[in-house]
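The values are calculated or read from the model by the stated rules, or taken from the named source; none is laboratory data. On a predicted model such as this, the values are computed, not experimentally measured, just so you know. Glycine also receives a Cβ, built like all others from the backbone with ideal geometry; neighbour counts cover every protein chain displayed. Accessible surface is based on the protein model in full, side chains and every heavy atom, while ligands, DNA and RNA are left aside. Shrake-Rupley method; radii C 1.70, N 1.55, O 1.52, S 1.80 Å.
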Amino acid sequence: MKARSEHARKRRRGSGTAFVRSLLLPVLPFLPACQGSEAGPPLVVQRDSAGIEIVEAMRPLWGDSSLWSIDPDPLVDLTLSGNGPHHEFHGLRDMKQRPDGSLMVADGSSNEVRVFSAAGEFLGSFGGRGDGPGEFRTLRRIESAGDTLLALDRGRLTVAAHDLTVVGTFDIDPWTVDLHYVDGGRILPEISRPVLPMDGLTGSVRPPQPLVLLDLKGARIDSVGELRGAEVHVLVRDGSYVGTAPHFFGKASHVAALGGHILRGSSDAMRLEELDLSGNLVRILRIPGYPLDLSDALIAAERDFLLDGFTPGHPLRAPFEAAPVSDTRPAFTDILVDPSGAVWLELHRGRTEQDQPEKWLVLDADGTWLGTVEMPDRFRVAQITMDAVLGVREDALDIQHPQLLRLTRN
């Protein structure tokens with residue numbers, strides 16, 4: 001095994017993270033010995049190839065257990081921390097914590113961005129349905145860019161100061177589905193453009209999606225490459241477009257910000273690529289042979305579940321009937337990075353598995369596969385900090401509860 005490359009040693013994680021890693025890294029090589037002398041593959045194999053660091057995680061450090069846990073009893077529940085309409089949520093799109101500890105949420109029903117103190121007290125809001133400054137057509141996501149707040153609407157982005165004063169609005173690709181703030185005042189939009197009839201495509205395709213950096217005023221900085229789009233099947237009969245449907249258990253790509261770098265990955269395998277801001281590949285993280293098997297019963301249940309949503313003769317049923325089935329499940333459906341630089345991958349769940357709790361596979365900042373963390377039932381993760389997980393829980397009455405849950409890292 002080769003020592004960590006110069007690039008990895010210098011990768012910027014922030015002063016607090018660097019201190020934590022300086023304590024942990026000398027200990028990690030000795031951890032397998034602390035767990036006993038049973039024979040097995042090494043935790044991590046590292047090598048360089050043409051200047052690219054390749055990190056292969058061979059087995060989880062935690063084994064079959066999880067040394068990190070989520071307390072289901074919330075530290076803060078914004079639905080219960082106050083009274084009135086500001087504490088009522090419908091169609092909640094996103095939840096993030098700001099650098100000062102305050103909490104912000106994007107409520108899709110009211111098209112409002114609401115801000116609360118760390119204890120859950122309502123502090124203020126802006127938004128509402130409309131096309132004017134500070135209003136939203138369809139509020140989708142929010143992101144914290146230091147003390148600046150970014151709010152993604154359909155086709156445009158609103159920039160607000162810490163006190164919620166709107167300081168700017170600019171147009172953005174209308175197919176932007178998420179935002180990622182990259183250190184240094186850069187915005188990385190995550191774009192997912194659909195296949196349209198005028199594209200002239202047919203059969204199974206994965207159209208590429210652009211990766212472009214913007215500044216906080218919306219000006220294009222540079223292109224940093226592209227993502228492989230979602231697997232879809234375009235049905236054409238007798239030269240006429242019929243419709244487009246996703247593959248059953250089809251693969252897609254995801255992206256996240258890693259300090260001043262970018263992480264991207266296609267869910268064909270448990271594999272991520274780290275890019276610098278010029279789009280150069282600097283590191284690959286992967287888990288060789290990670291099991292992604294699908295049973296015939298699960299495939300049949302997935303097809304039945306989706307096709308049951310369309311009556312016979314429905315115009316959208318034919319593309320789904322024609323869509324192929326993948327022979328493996330997607331490796332992951334989302335990527336999050338916590339302040340330590342650890343990478344969290346949401347493990348895939350099919351549509352018939354949505355009643356199961358979310359499970360997140362965790363890679364340490366150096367690529368070590370730590371293990372898997374299970375979330376409480378009916379809880380959807382939005383952000384992960386050093387000591388908490390932010391997200392939304394739906395109770396038995398389907399009432400939405402934006403919550404802050406304690407994360408314990410043993």
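Consider the stretch 52-74 and keep the residues that are at pLDDT 95 or above, surrounded by fewer than 16 Cβ atoms within 10 Å (Cβ to Cβ) and within 26 Å of Gln97 (Cβ to Cβ). The one that is nearest to the chain's Cα centre (by Cα) is Ser69. Note on the stretch 269-364: enclosed strands (runs of 3 or more DSSP E) holding 2 or more residues that are among the β-branched types (Val, Ile, Thr) are 281-286, 332-337. Counting the residues of the stretch 99-110 that are of a type in the set (D, E, K, R) and open to solvent by 20 Å² or more (accessible area, probe 1.4 Å) gives 1. For the stretch 369-410, a tally of residues being open to solvent by 10 Å² or more (accessible area, probe 1.4 Å), out of contact with any His (no Cβ under 8 Å at 6 or more places or on another chain) and in a loop (DSSP other than H, G, I, E, B) returns 11.
With respect to (1) over 30 Å from Glu53 (Cβ atoms); (2) in contact with a strand residue (DSSP E or B) (Cβ under 9 Å, 6 or more places away or on another chain), the lone exception for Met386 is condition (1). Residues that are open to solvent by 10 Å² or more (accessible area, probe 1.4 Å) and assigned to a strand (DSSP E or B) within the stretch 125-144 comprise Ser125, Phe126, Gly127, Arg129, Arg141, Glu143, Ser144, listed in sequence order. Restricting the search to strands (runs of 3 or more DSSP E) fully inside the stretch 166-212 and requiring at least 1 residues that are touching a residue at least 24 places away in the same chain (Cβ under 8 Å) and surrounded by fewer than 17 Cβ atoms within 10 Å (Cβ to Cβ) gives 166-171, 176-182, 203-205.
Out of Gly82, Gly120, one residue alone is part of a loop (DSSP other than H, G, I, E, B), open to solvent by less than 30 Å² (accessible area, probe 1.4 Å), out of contact with any Ser or Thr (no Cβ under 9 Å at 6 or more places or on another chain) and modelled with pLDDT of 95 or more. It is Gly82. Each residue in the stretch 302-320 was checked for being touching a helix residue (DSSP H, G or I) at 6+ places or on another chain (Cβ under 8 Å) and loosely packed, with under 13 Cβ neighbours inside 10 Å, and 1 of them qualify. Might you let me know whether the stretch 86-99 holds any residue that is part of a helix (DSSP H, G or I) and modelled with pLDDT of 95 or more? Within the stretch 86-99, one or more residues are part of a helix (DSSP H, G or I) and modelled with pLDDT of 95 or more.
Can you find a residue that is closer than 23 Å to Gly259 by Cα and under 16 Å from the mean Cα position of the chain (by Cα) anywhere in the stretch 391-404? There is at least one residue in the stretch 391-404 that is closer than 23 Å to Gly259 by Cα and under 16 Å from the mean Cα position of the chain (by Cα).
Quick one: would you say Ser69 is assigned to a strand (DSSP E or B), touching a residue at least 24 places away in the same chain (Cβ under 8 Å) and over 26 Å from Gly184 (Cα atoms)? When the stated conditions are applied, Ser69 passes them. The strands (runs of 3 or more DSSP E) located wholly in the stretch 214-265 that include 2 or more residues which are of a type in the set (A, V, I, L, M) and open to solvent by 20 Å² or more (accessible area, probe 1.4 Å) occupy 232-237.
Within the stretch 147-161, identify whether any single residue is in contact (Cβ under 8 Å) with a residue 60 or more places away in the chain and surrounded by fewer than 17 Cβ atoms within 10 Å (Cβ to Cβ), and answer yes or no. No. Residue pairs whose Cβ atoms lie under 9 Å apart, separated by 6 or more positions or on different chains, with the first residue in the stretch 303-324 and free of Cβ contacts under 8 Å to residues at least 12 places away in the same chain and the second exposed (fewer than 15 other Cβ atoms within 10 Å of the Cβ) and outside any helix (DSSP H, G or I), are Gly309/Leu316; Phe310/Leu316; Arg317/Gly309; Arg317/Thr311. Only one of these is open to solvent by 50 Å² or more (accessible area, probe 1.4 Å), at pLDDT below 95, part of a helix (DSSP H, G or I) and among the basic types (Lys, Arg): Arg9, Arg21. Name it. None of the others qualify; the one that does is Arg9.
The residues listed here are Ile335, Ile299; of these, the one that is open to solvent by less than 30 Å² (accessible area, probe 1.4 Å) and closer than 22 Å to Arg206 by Cβ is Ile335.
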